[in-house]
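A short worksheet on the structure shown next.
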Amino acid sequence: MGALLSRLPDLQRSLQLTEGQLGLTLIAMSIGALFGLTFSSPLIEKYGARTTAFVTVFGASAMYAIVPWVPSAAAADPGVLHRRHVRGGAGDQRQPRDRPGMRRNSAIAS
């Protein structure tokens with residue numbers, strides 16, 4: 001985790017994140033830890049401490065290890081496919097100003 005935190009500026013540039021997006025990611029990590037601590041006891045009781053520790057340590061290590069190879073922050077977001085489908089998707093060839101619900105800025109519009 002320390003190596004990840006020391007590389008945050010480099011990761012922010014390579015994933016093309018704004019400071020707000022990076023902040024939300026860090027908050028999401030903390031919220032995930034809180035949920036994990038809250039709901040892990042039933043899993044530990046069901047599968048045992050050794051199995052859950054093994055899966056947790058190696059699962060988290062694998063996720064941290066793939067961070068440098070993620071092409072963009074959107075690729076790491078599990079909801080990106082859902083949002084693409086809802087907003088018109090990659091197959092929608094219209095310009096953003098021509099999509100339904102998008103207003104044109106009169107100062108920019110020609």
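The values are calculated or read from the model by the stated rules, or taken from the named source; none is laboratory data. Just so it is clear, the model here is predicted, and its values are computed rather than measured. Note: ideal-geometry Cβ built from the backbone for every residue, glycine included; neighbour counts use all protein chains shown.
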### Summary
Expected output for region 9-31 (first residue in contact (Cβ under 8 Å) with a residue 40 or more places away in the chain, partner not in a helix (DSSP H, G or I), Cβ below 7 Å, 6+ apart or cross-chain) is Leu15/Val70; Leu15/Ser72; Gln16/Ser72
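With surrounded by 11 or more Cβ atoms within 10 Å (Cβ to Cβ), in a helix (DSSP H, G or I) and among the aromatic types (Phe, Trp, Tyr) as the only criterion, which of Phe35, Phe39, Phe54 stands out? Before you say what the answer is, go through the steps one by one.
Working: Phe35 fails: surrounded by 11 or more Cβ atoms within 10 Å (Cβ to Cβ); Phe39 fails: surrounded by 11 or more Cβ atoms within 10 Å (Cβ to Cβ).
Answer to the selection: Phe54.
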### Query
In region 9-25, what residues are surrounded by 11 or more Cβ atoms within 10 Å (Cβ to Cβ) and either at pLDDT 90 or above or assigned to a helix (DSSP H, G or I) (or both)?
Leu11, Gln12, Ser14, Gln21, Leu22, Gly23, Leu24, Thr25
### Cβ-Cβ under 8 Å pairs, at least 6 apart or on other chains, region 56-84 side farther than 16 Å from Leu8 by Cβ, far side hydroxyl-bearing (Ser, Thr, Tyr) and at pLDDT below 60
none
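Is it the case that region 67-80 has a residue that's among the acidic types (Asp, Glu) and modelled with pLDDT under 90? Lay out the reasoning, then the answer.
So the first thing to find is which residues in region 67-80 are among the acidic types (Asp, Glu), and the list is 77.
If we keep only those that are modelled with pLDDT under 90 too, we end up with 77.
Taking every residue of region 67-80 in turn, at least one turns out to be among the acidic types (Asp, Glu) and modelled with pLDDT under 90.
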